[in-house]
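Below you'll find the structure I mean.
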Amino acid sequence: MAKLDILTYPDPRLHTVAKPVAEVDDRIRQLVKDMAETMYEAPGIGLAATQVNVHEQVVVIDISETRDELQVFINPEIVWASENRKVWEEGCLSVPEVYDRVERPDRVRVRALNEKGETFELDADDLLAVCIQHEMDHLRGKVFVEYLSPLKQNRIKSKLHKRERVRM
Ligand code: NI
């Protein structure tokens, strides 16, 4: 298994719209394994394929304290979202050290394929609902900071640019 490189905002590749997975085969299962390993090592609670520069609709999530409850969502769709919305403080592996408040529906029902290519539906609330929506945004080419004001987005961009300059 290989740990994958995670793209960092504002890398333009993060705005690529992911294509549906045509067939859940060994290549996709390997991608899921590599993404899970990358997420656990980061460490993070969710990762979308977009973030590792693979533009297919694959998401891995593990919100458990014990880090042993991997959830895989291939070609996920939100089939229902609550009218009730809630604000959470979000962070992202592609936007290091930035956390900010985003409002989203507090409950969603998602339909997706698992690693065997079987369709399932899941009702999610709280952190899982937030995480699913956050990762599905990545698949649409959207990073959570785009919900913030233009002023905040510019501050984040310049902060991350500086950080990169220091690294060189
Ligand atoms: Ni993210």
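The values are calculated or read from the model by the stated rules, or taken from the named source; none is laboratory data. Note that this is a predicted model, so its numbers are computed, not measured. All Cβ positions, glycine included, derive from the backbone under ideal geometry; neighbour counts span all protein chains shown.
Find the strands (runs of 3 or more DSSP E) located wholly in the range 33-147 whose residues include 1 or more that are modelled with pLDDT of 95 or more and surrounded by fewer than 16 Cβ atoms within 10 Å (Cβ to Cβ), and list them.
Passing ranges, in order: 71-81, 85-92, 95-105, 107-113, 119-125.
If you don't mind, there's one more thing I want to ask. Out of (1) over 17 Å from Gln133 (Cα atoms); (2) modelled with pLDDT of 95 or more, the odd one out for Met1 is which?
(2)
Quick one: Leu160 ticks every box in (1) among the hydrophobic types (A, V, I, L, M, F, W, C); (2) modelled with pLDDT of 95 or more; (3) in contact with a Pro (Cβ under 8 Å, 6 or more places away or on another chain) except a single one, so which number is it?
With (1) among the hydrophobic types (A, V, I, L, M, F, W, C); (2) modelled with pLDDT of 95 or more; (3) in contact with a Pro (Cβ under 8 Å, 6 or more places away or on another chain) applied to Leu160, the lone miss is (2).
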